[in-house]
Structure formats: C-alpha cells, structure tokens
Amino acid sequence: MAVEMGQELKSHGITVVSLWPGLVRTEILTKLYKEGKLESLGQLWQYSESVEFTGRAIAHLSADKDVIQNTGKILIVAELANKYGFSDIDGKYPPSLFAIKCFVGRYLPSISSYIPNFFRVPKSLATWYYGKF
C-alpha cells in the first residue's frame, strides 16, 4: 500500500513510507517477558527496541529536507538510526531486521554476540521476498 500511495501522492509533495521496527518492547510484551511467557524469543529480546525508537526515526525523517526521495519505500527503523545517527533511549543501537545476527541469535544464541550488526541479508533478496525497500 505504501508503494502505491507514494507513487500517487509524490506529485503533491506528500511522502508516504512504511516503517518497520524490530521487536518493540511494548508494555504488554515487557510484562509477558518478565513473567517468562516469551521464552521462545530466546536471545532476541536483547535486540528489542523501545517504542520511542520509532518515534525518533519519525522525527529524523520529518526533519530531512530530502525525505521525498524515500516515498513509496519500506524503511527499517534500525537502518534509519544508522543513517541519521541516533540511538534508542537506552543508548543501544538495535540491529536491522535483516542483520544476520538476529537470525543466528534465534537458533545459535551462543555465537550471535560475535557477529557484527553490519552483516545483513542482501536487500536484493529482501526485495524479491517482501517488495520494495
């Protein structure tokens, strides 16, 4: 939907994007995690984002004079943090949804901490699978 809306509204100077956060620490998820009901997440909880992290991404996008260049695209919140240089409220830099460390952390948590955040699934593969990035 963001792609079509972006194409339709770009000529009017309106930017439309789809923001994809990672695992967000909402109040409900935090409660469930503390109660031990999200054990299936394993090490992934350490890569979770605060709700404010997406807000910071929106603030930086709205301040970008060239934001129209992103219209119709899917934007990963963690990748916007790298682009604009902001961190989460706890000072951490959550990895991208496409960071290999996240995939490895799910199945081999003991080695995921040794994998740098910049190793990612190629966007060409993600584009093929999900659509426009």
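Each reported figure results from applying straightforward, stated rules to the coordinates on display, with no laboratory input. Just so you know, these numbers come straight off a predicted model, no measurement behind them. With ideal geometry, Cβ positions are generated from the backbone for all residues, glycine too; neighbour counts draw on all protein chains shown.
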Item to check | Label of the coordinate-derived value, P(r) over Cα pairs in 10 Å bins from 0, in percent, listed as (i) 10, 26, 26, 23, 13, 3; (ii) 11, 33, 32, 19, 4, 1; (iii) 12, 36, 35, 14, 3, 0 | outcome: (iii)
Item to check | Paramagnetic reach from LEU29 (point 7 Å along Cα→Cβ, amide N under 18 Å) across region 46-78 | outcome: 46-58, 75-78
Checklist entry - Magnitude of the Cβ-charge dipole of the chain, K/R +1 and D/E -1, about the Cα centre, nearest 20 debye? => result 280 debye
Next on the checklist: I want to verify a result. In a Gaussian network model of the chain, Cα cutoff 10 Å, which of these has the top mean-square fluctuation: PRO95, PRO116, PRO21?
Outcome noted: PRO116
Item to check | Backbone HN-Hα couplings from phi across region 65-80 [Karplus 6.51/-1.76/1.60, Hz, Gly and Pro as x] | outcome: 5, 9, 4, 4, 5, 8, 4, x, 10, 8, 10, 8, 4, 5, 6, 5
Checklist entry - What is the gain in length, in nm to one decimal, between GLU8 and ASN117 on full extension, counting 0.36 nm per residue of separation less the C-alpha to C-alpha distance? => result 35.7 nm
